[in-house]
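Visitor: Before I ask anything, here is the structure I am working with.
The values are calculated or read from the model by the stated rules, or taken from the named source; none is laboratory data. These figures come from a predicted structure and were not determined experimentally. Cβ placement follows ideal geometry from the backbone for every residue including glycine, while neighbour counts extend to all protein chains displayed.
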Amino acid sequence: MKVRSNDYLPIFRGQQKLSMREKSQFVKSVSYIYNKIRLISSFLILFLVTNVFSTDKKVITAQLVENGFENIRIKIENARILIAYENRVYRFEVEALNEVIKIVVPLIDDREELILIPLNRKIPIIKFLSSIENCKAFLGNKINAQQFIDDSDIKLDVDREYNLLLDESEFNSSNLRFDLVIKPTMSFEFGPYSDPILAQINLAPDIRTGFWKGMRLSYETIFPLWNELGSRGDSIRTGMVTINQTFRLPKAFFISTTAGIFSGNRYGFDFEAKKYFGDGNFSLGANFGVTSYIDFSGMTRILYSNQFLVTGSLSAELRIETYDLTLGASIGRYLQKDNSIRFDINREFSEIEIGFFAIRSFEGVTNGGFTLTIPLFPSKYWNPSLVRLKVAENYSWSYVVKSNTNDLIGQRYNTGSRINTFFEKLNPSFVKNTFRKIN
């Protein structure tokens with residue numbers, strides 16, 4: 001029997017349809033597996049990237065904590081890394097900034113830009129911005145400090161970058177850590193011919209701590225070592241006792257409020273505000289205080305008055321960047337109830353500061369003098385802990401030409417928390433000039 005070729009056609013066509021279905025199912029299977037692989041790969045890449053970021057954070061944080069830095073926040077985004085830190089280990093903030101660069105940069109491999117934000121009491125002061133390549137060239141001695149700082153950027157405007165860090169965890173908090181700060185105090189007066197210089201030298205340990213951002217509590221006790229200025233200075237007595245709260249508002253606007261016992265035997269309340277412009281080379285300030293007299297004779301007897309005096313002033317400061325020179329002028333009502341104008345000129349030589357001032361009251365009295373601030377040994381302290389003993393960062397001494405009571409115009413008390421000192425010598429132009437001198 002002959003078999004026609006067409007007899008096999010139905011079978012062939014059936015097999016052809018089955019092969020097409022199998023092919024369609026195969027394509028769907030391959031596509032499904034491909035999509036699954038892509039999804040798994042995406043999760044794997046995300047995990048690896050996240051893990052690398054986390055590892056970078058952990059390593060950098062651990063190194064900064066080991067070296068005593070506090071209030072650390074780190075954010076890694078795209079090609080840059082942002083780090084906020086607080087220094088209470090190094091006496092000089094520029095040295096601390098240099099040390100942070102030495103610690104952090106060798107731990108960074110795949111980033112292009114580094115932003116460092118030094119803090120004081122958890123409040124940002126400035127931002128330091130540089131490329132990782134520039135930092136590594138500086139650390140490897142391929143470029144000098146002049147080239148390094150010229151290719152970096154230091155700004156007072158830090159609001160945007162610091163806000164990015166607020167969602168990040170904070171490590172090694174400075175809250176509820178106590179410093180027992182040892183500092184000398186000295187006073188001198190001209191005496192009679194037989195004893196031309198009269199002196200009073202005291203040791204004034206100061207217990208300091210903070211409970212939250214911007215806050216500081218301070219209690220000082222005075223121990224007399226040498227006294228030729230009257231019997232009241234012979235006893236152990238309470239010194240300055242203050243609680244201060246400092247705020248940084250947007251656009252480099254600072255506010256400081258202090259209550260307690262101040263220098264010059266004054267107690268009461270003090271308010272200070274200061275606005276910095278540009279990179280901090282010009283500022284306008286205002287001060288207002290309500291204080292009265294207080295005196296401690298020993299630790300138990302207290303003499304005080306409830307008649308309060310209102311003082312206040314308006315001020316302006318201009319910084320000449322090239323010379324680290326600051327020119328200041330203020331006008332106001334001061335402790336002798338005088339209305340006076342005061343002119344100040346200060347120059348910084350690294351950690352040493354020398355200043356001169358001249359005062360003229362509306363009543364026609366003139367006075368003047370100079371101030372000297374020098375750093376105290378050592379330059380590095382023990383790492384902060386629950387309780388730490390340390391020496392004050394510096395010692396300041398002021399000399400007034402005329403010391404008669406009626407001539408003491410333009411005088412005001414010290415709260416220990418003025419905004420100028422809160423800056424910790426982190427003015428951008430000063431940091432740049434100091435870095436340029438690093439060998």
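Visitor: Give all pairs with beta carbons closer than 6 Å in which a residue from segment 110-121 that is in contact (Cβ under 8 Å) with a residue 12 or more places away in the chain meets a residue that is assigned to a strand (DSSP E or B) and β-branched (Val, Ile, Thr); count only pairs at least 6 apart in sequence or on separate chains.
Guide: Listed pairs, sorted by first residue: 111/81; 114/81; 116/83.
Visitor: Among the numbered criteria (1) surrounded by fewer than 20 Cβ atoms within 10 Å (Cβ to Cβ); (2) over 24 Å from residue 211 (Cβ atoms), which one does residue 271 miss?
Guide: Unmet for residue 271, out of (1) surrounded by fewer than 20 Cβ atoms within 10 Å (Cβ to Cβ); (2) over 24 Å from residue 211 (Cβ atoms): (2).
Visitor: Another question, then. How many residues does segment 105-136 contain that are surrounded by 22 or more Cβ atoms within 10 Å (Cβ to Cβ) and among the β-branched types (Val, Ile, Thr)?
Guide: 2
Okay, residues lined up against (1) closer than 23 Å to residue 199 by Cα; (2) without any contact (Cβ under 8 Å) to a residue 24 or more places away in the chain; (3) not in a strand (DSSP E or B):
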residue: 355; (1), (2), (3): yes, yes, no
residue: 359; (1), (2), (3): no, no, no
residue: 370; (1), (2), (3): yes, no, no
residue: 374; (1), (2), (3): yes, yes, no
residue: 383; (1), (2), (3): no, no, yes
residue: 412; (1), (2), (3): yes, no, yes
residue: 421; (1), (2), (3): no, yes, yes
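Visitor: Specify the residue that is modelled with the lowest pLDDT; the eligible residues are those in segment 77-89 that are surrounded by fewer than 21 Cβ atoms within 10 Å (Cβ to Cβ) and either touching a His at 6+ places or on another chain (Cβ under 8 Å) or not basic (Lys, Arg) (or both).
Guide: The residue in question is 78.
Visitor: Restricting the search to segment 99-125, which residues are farther than 20 Å from residue 68 by Cβ, part of a loop (DSSP other than H, G, I, E, B) and of a type in the set (A, V, I, L, M)?
Guide: 108
Visitor: Can you report the number of residues in segment 399-410 which are touching a residue at least 24 places away in the same chain (Cβ under 8 Å) and part of a loop (DSSP other than H, G, I, E, B)?
Guide: Residues meeting the conditions: 6.
Visitor: Quick check on segment 190-218: of everything there that is assigned to a loop (DSSP other than H, G, I, E, B) and farther than 20 Å from residue 177 by Cβ, which residue is modelled with the lowest pLDDT? Please lay out each step first, then the result.
Guide: To start, the set of residues in segment 190-218 that are assigned to a loop (DSSP other than H, G, I, E, B) comprises 191-196, 204-205, 210-214.
From what is left, the residues that are farther than 20 Å from residue 177 by Cβ are 191-196, 204.
Details: 191: 67, 192: 67, 193: 62, 194: 66, 195: 69, 196: 71, 204: 95.
Only one residue tops the list, namely 193.
Visitor: Among 149, 143, 154, which is the only one that is in a loop (DSSP other than H, G, I, E, B) and either more than 28 Å from the chain's Cα centre (by Cα) or over 19 Å from residue 64 (Cβ atoms) (or both)? Working first, answer last.
Guide: Numbers: 149 fails: in a loop (DSSP other than H, G, I, E, B); 154 fails: in a loop (DSSP other than H, G, I, E, B).
Residue meeting the stated conditions: 143.
Visitor: Please state which one of 211, 171, 188 is within 23 Å of residue 97 (Cα to Cα) and not assigned by TED's automatic domain parsing to the domain that holds residue 86. Quick ask: steps written out before the conclusion?
Guide: Values: 211 fails: within 23 Å of residue 97 (Cα to Cα); 188 fails: within 23 Å of residue 97 (Cα to Cα).
Unique residue meeting the criteria: 171.
Visitor: With the requirement that a residue be in contact with a helix residue (DSSP H, G or I) (Cβ under 8 Å, 6 or more places away or on another chain) and among the acidic types (Asp, Glu), what does segment 386-425 give you?
Guide: The answer is 424, and nothing else.
Visitor: From (1) within 21 Å of residue 419 (Cβ to Cβ); (2) in a loop (DSSP other than H, G, I, E, B); (3) not basic (Lys, Arg), pick out the condition that doesn't hold for residue 96.
Guide: So the condition that residue 96 fails would be (2).
Visitor: If you don't mind, another one. How many of the residues in segment 351-363 are at pLDDT 95 or above and surrounded by fewer than 15 Cβ atoms within 10 Å (Cβ to Cβ)?
Guide: So the answer is 4.
Visitor: In segment 302-348, which residue that is surrounded by fewer than 18 Cβ atoms within 10 Å (Cβ to Cβ) and of a type in the set (Val, Ile, Thr) is modelled with the lowest pLDDT?
Guide: So, considering only residues that are surrounded by fewer than 18 Cβ atoms within 10 Å (Cβ to Cβ) and of a type in the set (Val, Ile, Thr), the one modelled with the lowest pLDDT is 302.
Visitor: Search segment 59-75 for residues that are at positive phi and pair each with any residue that is aromatic (Phe, Trp, Tyr) when their beta-carbon atoms are under 7 Å apart and the residues are at least 6 apart or on different chains.
Guide: 71/85
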